[in-house]
Structure formats: C-alpha cells, structure tokens
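Asks: Submitted below is the structure of interest, expressed as structure tokens.
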Amino acid sequence: MNDTVDRLRAADPTRTMTDADPGDPQARALLARVLAVPQESPRRRGHRRLVAAVAGTAVAAAATAFLITEPAAAYTVDQRADGSIGVSFRAARLKDTKKLNAELARAGARTVVIRMVPADRCTAPLDMDPLFPFLTSATPADLDRYPVSYQLRDEGVIITIRPDKMPAADTLAFGYAIRKDHDGSTTIAVPAVVRTLPACMAVPNPPRR
C-alpha cells in the first residue's frame with residue numbers, strides 16, 4: 001500500500017505543474033499511463049540474476065566436460081559411401097579394445113583389433129586364410145585385392161578396411177603393439193585375414209640387422 005502511494009505521489013503531474021488543475025483530463029491521463037507500467041519487485045530481479053548465474057555455471061561445466069573428454073578419444077570409426085570403413089587409433093591411448101571392437105562390429109567391418117603380447121605368451125600360430133598371406137612387398141594388384149591397407153603416422157594408425165573383399169567366413173585380426181628400444185618407441189601393426197579368430201597375437205621378432 002505504501003509503495004502504491006509513493007508511486008502516485010511521484011508520478012502525479014500536478015506536483016510539477018504549479019498552475020495545473022488536479023482534475024485536468026490531460027494530467028489525469030498522464031498519471032494513468034505512468035501507473036499502468038508494471039514495476040518489477042527487487043525480489044524478482046534478484047531471482048533472474050540467480051537463474052542467469054546458474055545457467056552460466058552449467059554452460060561453463062559443459063564446456064569443461066567437453067575439453068576433458070574430447071582429447072581422450074583413442075579411436076575413430078568412419079563408414080564411407082563406397083562401403084569401406086576408415087579406422088584410426090592411437091596405440092598409446094588404446095588400452096582396452098572392447099569399445100572399438102564393438103563399434104567395428106556395428107559398422108560391419110568384420111574386424112577385431114588386438115593388442116599384441118610378447119611371443120612367449122602367445123605361441124599358437126594364426127589360422128590365416130592362404131588367399132591372403134603376409135606380404136613383404138606389394139604390387140598395385142595386391143593392394144587392390146587385399147581387404148585392408150594401413151599407414152603408421154605420427155597421429156596414429158590409419159586403416160582402411162574393405163569387408164566385401166574378404167570371404168564370408170573370414171575375419172580381419174588387426175594386431176598392434178608399441179615396441180620400446182634405445183631409439184624411443186615404435187608402433188607395430190600386423191593385419192591378418194584369419195579363418196579362426198585367435199585368442200592372442202604375438203609381437204613379431206624384430207628383423208635382424
């Protein structure tokens with residue numbers, strides 16, 4: 001009630017018009033327009049500031065979460081229009097291959113990525129399809145016939161898989177490991193088209209110098 005009286009007094013045009021008639025229609029119309037403007041209470045303004053602060057905190061938290069999780073991604077899987085599947089991963093970050101292999105299964109890659117172990121811990125030979133032996137050198141015809149090609153780069157292992165080039169019962173077992181020596185560390189990759197999925201893959205012995 002006191003607030004309304006104060007508004008009436010402050011808005012009354014007769015207070016600033018020494019010669020004005022309080023009953024003058026123009027003065028009363030002006031007063032009515034002033035009183036018609038809604039006034040926001042201090043409590044409501046404070047509530048809006050609180051909501052804005054909470055929203056700002058949520059945005060900051062979301063941005064922080066993105067910055068934390070995005071660089072931690074260890075692999076990517078990309079289904080391409082030509083039916084091939086592109087895969088990239090950082091060997092040093094890929095500690096557990098379960099999620100990557102689940103993604104590959106959903107993409108229809110017929111590929112299992114395996115972290116290789118020392119040879120003394122994996123002695124069983126690979127059941128490789130004789131149509132796709134290991135190649136020490138490859139011609140363009142070989143590259144076109146094989147269901148996989150790959151590159152080792154600074155940013156990781158880059159693989160292209162062509163499942164349609166594999167016999168229906170075969171699987172691509174893609175082994176990888178990091179070998180450390182006096183020169184630092186080297187990423188090793190071994191793709192093998194197998195008829196039976198192996199329980200393990202052994203790190204190959206380094207070539208003799």
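The values are calculated or read from the model by the stated rules, or taken from the named source; none is laboratory data. Model, not experiment: these values are computed from the prediction. Neighbour counts are summed over all protein chains in view; Cβ atoms, including those assigned to glycine, are modelled from backbone coordinates with ideal geometry. Ligands, DNA and RNA are stripped out before the accessible areas are found, and what is left, the full protein with its side chains, is counted by its heavy atoms. Shrake-Rupley method; radii C 1.70, N 1.55, O 1.52, S 1.80 Å.
Asks: Can you tell me which residue among Asp96, Asp82 is of a type in the set (Asp, Glu), within 19 Å of Ala177 (Cβ to Cβ) and in a loop (DSSP other than H, G, I, E, B)?
Replies: Asp96
Asks: Another question about this same structure. Residue pairs, Cβ under 8 Å, 6 or more apart or interchain, first in region 126-154 and over 18 Å from Ser84 (Cα atoms) and of a type in the set (Gly, Ala, Ser), second open to solvent by less than 100 Å² (accessible area, probe 1.4 Å) and part of a loop (DSSP other than H, G, I, E, B). List them.
Replies: If the second residue must be open to solvent by less than 100 Å² (accessible area, probe 1.4 Å) and part of a loop (DSSP other than H, G, I, E, B), the pairs left are Ala138/Tyr146.
Asks: Out of Asp164, Asp120, I need the residue that is acidic (Asp, Glu), open to solvent by 70 Å² or more (accessible area, probe 1.4 Å) and either assigned to a loop (DSSP other than H, G, I, E, B) or out of contact with any strand residue (DSSP E or B) (no Cβ under 9 Å at 6 or more places or on another chain) (or both). Which one?
Replies: From the options Asp164, Asp120, the qualifying one is Asp164.
Asks: Just one of (1) of a type in the set (A, V, I, L, M, F, W, C); (2) open to solvent by 80 Å² or more (accessible area, probe 1.4 Å); (3) in contact with a helix residue (DSSP H, G or I) (Cβ under 8 Å, 6 or more places away or on another chain) trips up Leu94, so point out which.
Replies: If we test Leu94 against (1) of a type in the set (A, V, I, L, M, F, W, C); (2) open to solvent by 80 Å² or more (accessible area, probe 1.4 Å); (3) in contact with a helix residue (DSSP H, G or I) (Cβ under 8 Å, 6 or more places away or on another chain), just (2) comes out false.
Asks: For region 167-188, give me each residue that is acidic (Asp, Glu) and open to solvent by 80 Å² or more (accessible area, probe 1.4 Å).
Replies: Matches in region 167-188: Asp183 only.
Asks: Can you run down the residue pairs with Cβ atoms below 7 Å, 6 or more apart or on separate chains, where the first is in region 93-106 and in contact (Cβ under 8 Å) with a residue 40 or more places away in the chain and the partner is among the aromatic types (Phe, Trp, Tyr)?
Replies: Going by the 7 Å Cβ cut-off, the qualifying pairs are Leu94/Tyr75.
Asks: Would you confirm whether or not region 104-113 contains a residue that is of a type outside the set (A, V, I, L, M, F, W, C), open to solvent by 90 Å² or more (accessible area, probe 1.4 Å) and within 21 Å of the chain's Cα centre (by Cα)?
Replies: yes
Asks: Identify all residues within region 123-161 that are assigned to a helix (DSSP H, G or I) and in contact with a Ser or Thr (Cβ under 8 Å, 6 or more places away or on another chain); write none if there are none.
Replies: Of everything in region 123-161, just one residue is assigned to a helix (DSSP H, G or I) and in contact with a Ser or Thr (Cβ under 8 Å, 6 or more places away or on another chain), namely Leu143.
Asks: Looking at Val87, Val112, can you tell me which residue is outside any loop (DSSP other than H, G, I, E, B), in contact (Cβ under 8 Å) with a residue 40 or more places away in the chain and touching a helix residue (DSSP H, G or I) at 6+ places or on another chain (Cβ under 6 Å)?
Replies: Val112
Asks: Further question: Go through region 156-167 and give me each residue that's out of contact with any Phe, Trp or Tyr (no Cβ under 6 Å at 6 or more places or on another chain) and modelled with pLDDT under 95.
Replies: none
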